[in-house]
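Written out below as structure tokens is the structure these notes cover.
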Amino acid sequence: MIDWDDVRYFLAVARRGSVRSASEHLGVNHSTVLRRIAQLEEQLGTHMFEKLPTGYRLTAAGEEILEFANQMEASLRQLETRVFGRDQSVRGLLRVTLPPFLSTHLLMPDLADFARMYPDIEMEILPTGAVANLTNREADVAIRIVLNRETLPPNLHGLPGPELSSAIYMSRAHLTAWHAGMADPLRWIVTNTDGLPGWAREGKIHTKGVPFRTPDAETQIIATRQGIGMTKLPCFVGDVDPLLVRVPGTDLHGHGTLWLLTQGETRRTKRVRLFTEFISRRLASHAPLLAGSISIA
């Protein structure tokens, strides 16, 4: 059976005349487009393009395939419009993907509020930083940290939210001991396997040259609470922890902007629209904490 995604890649190259332009439009790399085209050609048993110095030109077989591909696309769009346009009930499955720290340390009370407001919506929360394929409906809404909006795939609808900052934290008890001149040097608690990052050279407090490493974010927080060392955390995590405090002499670090991402007709369904409007308001209310402009610890 022909994969619609392969046809979609074929249409992009046929309409734009080059693999590079098609890859930019689809938000994928060059090799992915070539692989999809080759896959479809093998399945159909024919060459669809001639590669010329000026770009890609359809063969006679390609012209014929283009006609059917356009019909397929039109039919799918009509189906989406009818099915998703009708899906205006406040019930059904809603998949939301977001970075783990956001779900466990900030937004879970808000997600709980939404679940109570709409008890007939079945919520599936996917706490991951990986990019979910919204086109294939692995998720309905993605909350992502974006450094540059130009990197967002063009097929996604994006709603920008607050700025996100991080700071360097240590145990409040260890800072008290340091002020009293009774503290031992701390380690840098890092999550990478290479050398110390640039931020690990900041601050007034002396550190050992031997770092403490862990790939797990929760272990990173607990190790900092225990006075093992200092580490960088999102401000919405470190500033609300009564056992942690920002390290004197260190600066805020900008991480990017939080974006709410949806795709195609899915974003017009009532449950998705209600959720994006709700969580956008809640994120706005958290903006000072996310940016590190207030500390409530």
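Just one of Gly249, Gly264, Gly256 is among the small types (Gly, Ala, Ser), surrounded by fewer than 21 Cβ atoms within 10 Å (Cβ to Cβ), in contact (Cβ under 8 Å) with a residue 40 or more places away in the chain and within 15 Å of His157 (Cβ to Cβ); which is it? Result of the check over Gly249, Gly264, Gly256: Gly264. When residues in the stretch 138-167 are screened for being surrounded by 13 or more Cβ atoms within 10 Å (Cβ to Cβ) and basic (Lys, Arg), 1 of them pass.
Applying the criterion of being surrounded by 15 or more Cβ atoms within 10 Å (Cβ to Cβ) and under 24 Å from the mean Cα position of the chain (by Cα) to the residues of the stretch 28-63, the residue that is farthest from Arg77 (Cα to Cα) is Thr32.
Scanning the stretch 1-33 for residues that are aliphatic (A, V, I, L, M) and touching a helix residue (DSSP H, G or I) at 6+ places or on another chain (Cβ under 6 Å) turns up Val7, Leu11, Ala12, Val13, Ala14, Val19, Ala22, Leu26, Val33.
Taking (1) under 30 Å from Pro153 (Cα atoms); (2) in contact (Cβ under 8 Å) with a residue 24 or more places away in the chain in turn, Pro288 satisfies each apart from (2). Applying the criterion of being within 34 Å of the chain's Cα centre (by Cα) and closer than 14 Å to Asp3 by Cα to the residues of the stretch 64-73, the residue that is surrounded by the most Cβ atoms within 10 Å (Cβ to Cβ) is Ala69.
For Ala177, the conditions (1) touching a strand residue (DSSP E or B) at 6+ places or on another chain (Cβ under 8 Å); (2) at pLDDT 85 or above all hold with the exception of (1). Pairs meeting the criteria (first residue in the stretch 109-126 and under 16 Å from Ile143 (Cα atoms), second residue loosely packed, with under 15 Cβ neighbours inside 10 Å and among the aliphatic types (A, V, I, L, M), beta carbons under 7 Å, at least 6 apart or on different chains) are Met123/Ala115; Glu124/Leu93.
The values are calculated or read from the model by the stated rules, or taken from the named source; none is laboratory data. Predicted model, so just to flag it, every value in this text is computed and none were measured. Because the Cβ atoms are built from the backbone with ideal geometry, glycine has one as well, and the counts that use them run over all protein chains shown.
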